[in-house]
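One structure below.
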Amino acid sequence: MGGSVDFSTLAELVDGYVRLPGDPGFVAASRPFNKRFADVRPLAVLSVAGADDVGRAIVWARDNGVPVVARGGGHSYAGYSVNAGLVLDLRGLDEVRVDPSSELVTVGGGTRMSTLYAGLERYDLAFPAGNADDVAIGGLVLGGGVAAVSRSFGLTCDSLVETEVVLADGTMVTCNETSNADLFWACRGGGGGNFGVNTSFTFQARPVLTSSTCLLLWHREHARDVLGCMQEIMERAPDEFAARIGVARAGAEEAVVSVVGWHLGPAEELRELLRPALAVAEPFRVDIADRTYWEAKDYLHHNTEGGAFAVRTRSTAKPLPDAGVATIVDAVDAWPGSSNADGAGVALFTWGGAINRVPVTETAFPHRDVLFLISMDTSWHTEDGPAVVRANLDWLAGLHERMGEFAADAAYVNFTDPDLDDWRSAYHGPNHARLVEVKRRYDPDRVFRFPQAI
């Protein structure tokens with residue numbers, strides 16, 4: 001395929017820029033975020049100039065037998081935003097339009113969080129969004145989108161009111177509750193890349209709220225007590241408070257227990273909510289402070305060492321029993337190690353609240369009964385060698401299997417897991433059959449396909 005494809009014919013059709021291997025900007029436009037998949041190299045990248053380019057490119061790709069995939073932020077954990085054919089680089093679709101009177105926000109399909117937040121902050125409006133600057137809106141919302149404020153505001157997809165999608169035949173459709181409603185349903189949590197290329201999204205925003213944040217750190221010896229106590233706190237916490245409860249380690253260091261949280265209320269209330277955890281064991285670091293909404297967003301900003309990683313998820317509707325907590329702590333103690341400073345660990349992301357007040361079939365996102373998403377991860381560098389990689393993946397697989405005794409198979413599609421066997425049920429639950437119907441209607445030839453595509 002590679003040698004026989006003449007990409008100059010594509011370049012003549014579009015207003016954007018076609019990049020081939022060796023061209024300036026090719027690597028930046030096609031490099032996967034997860035270096036585990038660094039060997040996947042496309043034949044070409046089209047940096048689109050507008051939605052029309054997307055339609056032309058899809059038709060061209062079909063006519064020439066070239067696989068095509070859309071790439072916004074490129075953050076697919078499984079590397080699915082890069083393929084061995086043509087990548088549609090959507091970064092140029094990043095306009096943010098805010099209507100202050102209706103509080104509707106329309107953003108281009110490749111808009112990244114840094115650009116989105118800059119546009120929203122001018123109006124002091126917000127909707128649930130991501131916590132890393134270069135994550136793009138498309139992958140986030142199409143997989144549901146769980147944000148730090150989702151217990152109060154709902155999922156990112158719960159704020160979506162309309163989206164424009166370029167279909168497999170190159171035509172564009174507008175999707176909302178009344179127009180192409182079945183595709184609109186699927187775009188709210190069915191997973192990115194399945195049904196077309198979304199070139200714009202319109203969200204219902206709301207005024208920001210006074211906020212406070214927390215960062216608490218404990219030594220390893222307090223892990224079981226803190227994890228148990230924090231789960232009880234979050235089970236009865238108000239929707240305004242969400243937290244990430246974690247235990248992790250890197251290198252040869254002992255594990256650290258962490259609680260990172262955002263409260264849509266004053267620090268005085270947040271400190272009272274955390275009082276039992278502060279009493280059960282003394283943290284070696286305590287930061288509980290009032291912040292503006294935008295300061296809180298920055299405080300929870302996610303930084304990463306980069307490199308290669310793997311993530312597996314399960315979920316539970318109630319706190320884990322002591323044996324489940326012990327399984328987590330013992331596993332982190334036994335992590336085989338790597339040279340990546342991100343290390344490995346387990347985090348309990350608090351869901352519930354407004355997320356769970358939406359019926360399971362109202363959107364494609366199925367996990368409407370979850371209290372904690374259990375995220376298990378490990379990382380390494382590509383220079384670590386195959387034995388280290390194998391040890392890390394085996395460690396993660398073993399932990400995922402052992403946690404099956406305490407948590408459901410339900411997995412978060414945005415934490416895409418290429419090693420997940422029964423991904424149809426785990427990602428989509430009771431909504432999978434309807435997603436298949438939507439796929440057959442809008443992409444009957446499966447132009448948009450990847451290993452875990454509908």
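Where a number appears in this text, it was derived from the coordinates with a stated rule and is not lab data. For clarity, every value in this text was computed on a predicted model and none was experimentally measured. Don't worry about glycine lacking a Cβ; one is built from the backbone with ideal geometry, like all the others, and counts go over all protein chains shown.
Under 1.5 on a/c is rounded, so check that first for segment 297-375, then, if it is not, pick prolate when a/b is larger than b/c and oblate when it is not; a ≥ b ≥ c are the square roots of the alpha carbon gyration tensor eigenvalues. Walk me through the numbers before you get to the answer.
Details: a/c = 2.40, a/b = 1.49, b/c = 1.61.
Oblate shape, in that a/c is at least 1.5 and b/c is the bigger or equal ratio.
Sequence neighbours fewer than 8 away in the same chain don't count; with that in mind, list the aspartates and glutamates whose C-alpha is under 16 Å from residue 439.
169, 182
For segment 13-89, what proportion of DSSP beta bridges, expressed in % and rounded to the nearest 5, is antiparallel? Each step should come with its number before you reach the end.
Working: 3 of 11 bridges.
Of all bridge pairs located within segment 13-89, approximately 25 percent are antiparallel.
How many angstrom separate the Cα center of segment 217-247 from the Cα center of segment 1-49?
First find each Cα centre; the distance between them is then 45 Å.
Loop-only check: which GluC sites (Glu not before Pro) in segment 154-205 are DSSP coil with at most 14 other Cβ within 10 angstrom? Numbers along the way, then the final one.
Numbers: sites: 162, 164, 177; in loops: 177.
Passing sites in segment 154-205 are 177.
What is segment 360-454 by shape, rounded, prolate or oblate, if you read a ≥ b ≥ c off the alpha carbon gyration tensor as root eigenvalues and call it rounded for a/c under 1.5, prolate for a/b larger than b/c, and oblate otherwise? Can you show the working numbers first?
Numbers: a/c = 3.01, a/b = 1.50, b/c = 2.01.
Taking the square roots of the gyration eigenvalues as a ≥ b ≥ c, segment 360-454 is oblate.
For residue 387 and residue 31, FRET efficiency with R0 = 35 Å and r from the beta-carbon atoms, rounded to 0.05? Kindly include the intermediate steps, with their values, before the conclusion.
On the way: r = 25 Å, r/R0 = 0.73.
My answer for the efficiency is 0.85.
Any number yet on Rg/Rh for segment 142-190, C-alpha, Kirkwood?
On the way: Rg = 12.0 Å, Rh = 11.4 Å.
My calculation of the ratio gives 1.05.
Calculated FRET efficiency, residue 49 and residue 171, Cβ-Cβ r, R0 22 Å, to nearest 0.05?
Values: r = 18 Å, r/R0 = 0.84.
The computed FRET efficiency comes out at 0.75.
So how far apart, in nm, are the two label points at residue 20 and residue 292 if each is 7 Å from Cα heading toward Cβ?
Going by the 7 Å Cα→Cβ label model, 5.0 nm.
Report, in degrees rounded to the nearest 10, the 0 to 90 angle that the Cα long axis of helix 322-333 makes with the longest principal axis of the chain.
70
Out of segment 71-133, which GluC sites (Glu not before Pro) are coil in DSSP terms and have no more than 14 other C-beta atoms within 10 Å? All intermediate terms of the calculation are to be shown ahead of the outcome.
Numbers: sites: 95, 103, 121; in loops: 95, 103.
Answer by residue number: 95.
With both bridge residues required to lie in the chain, what share of the DSSP beta bridges run antiparallel, to the nearest 5%? Show your work: numbers first, answer last.
Numbers: 71 of 79 bridges.
Percentage antiparallel, nearest 5: 90.
Please give the FRET efficiency for residue 84 paired with residue 280, using the beta carbon to beta carbon distance and R0 = 41 Å, rounded to the nearest 0.05. Before the final figure, lay out the partial values.
Numbers: r = 52 Å, r/R0 = 1.26.
That gives a FRET efficiency of 0.20.
Give, as a single signed number, the net charge of other residues whose beta carbon lies under 9 Å from the beta carbon of residue 308, with Lys and Arg counted +1 and Asp and Glu -1.
Working: positive: 35, 36; negative: 384.
Surrounding charge for residue 308 is +1.
Kindly work out what percent of the DSSP beta bridges joining two residues of segment 1-156 are antiparallel, to the nearest 5. The partial results should precede the final answer.
Numbers: 8 of 16 bridges.
If we restrict to bridges inside segment 1-156, about 50 percent are antiparallel.
First check a/c for segment 96-207, with a ≥ b ≥ c the square roots of the eigenvalues of its C-alpha gyration tensor; if it is under 1.5, answer rounded, and if not, answer prolate when a/b is larger than b/c or oblate otherwise.
Numbers: a/c = 1.59, a/b = 1.50, b/c = 1.06.
The shape class here is prolate.
Based on other C-beta atoms within 10 Å, arrange 301, 428 from fewest to most. Present the calculation step by step, with values, prior to reporting the outcome.
Numbers: 301 12, 428 24.
Fewest-to-most Cβ neighbours within 10 Å comes out as 301, 428.
Using label points projected 7 Å from each Cα along Cα→Cβ, tell me how many nm separate residue 305 and residue 13, to one decimal.
Roughly 4.4 nm, to one decimal.
Can you give the convex hull volume of the alpha carbon atoms of the chain per residue, in Å³? Don't skip to the end; give the middle numbers.
On the way: hull volume 60.8 nm³, N = 454.
Spread over its residues, the Cα hull of the chain gives 134 Å³ apiece.
By how many degrees, 0 to 90 and rounded to 10, does the Cα axis of helix 51-64 deviate from the longest principal axis of the chain?
That helix lies at roughly 70 degrees to the long axis.
Between residue 123 and residue 318, with labels modelled 7 Å along Cα→Cβ, what's the label distance in nm to one decimal, could you check?
For the pair residue 123/residue 318, the computed spacing is 4.4 nm.
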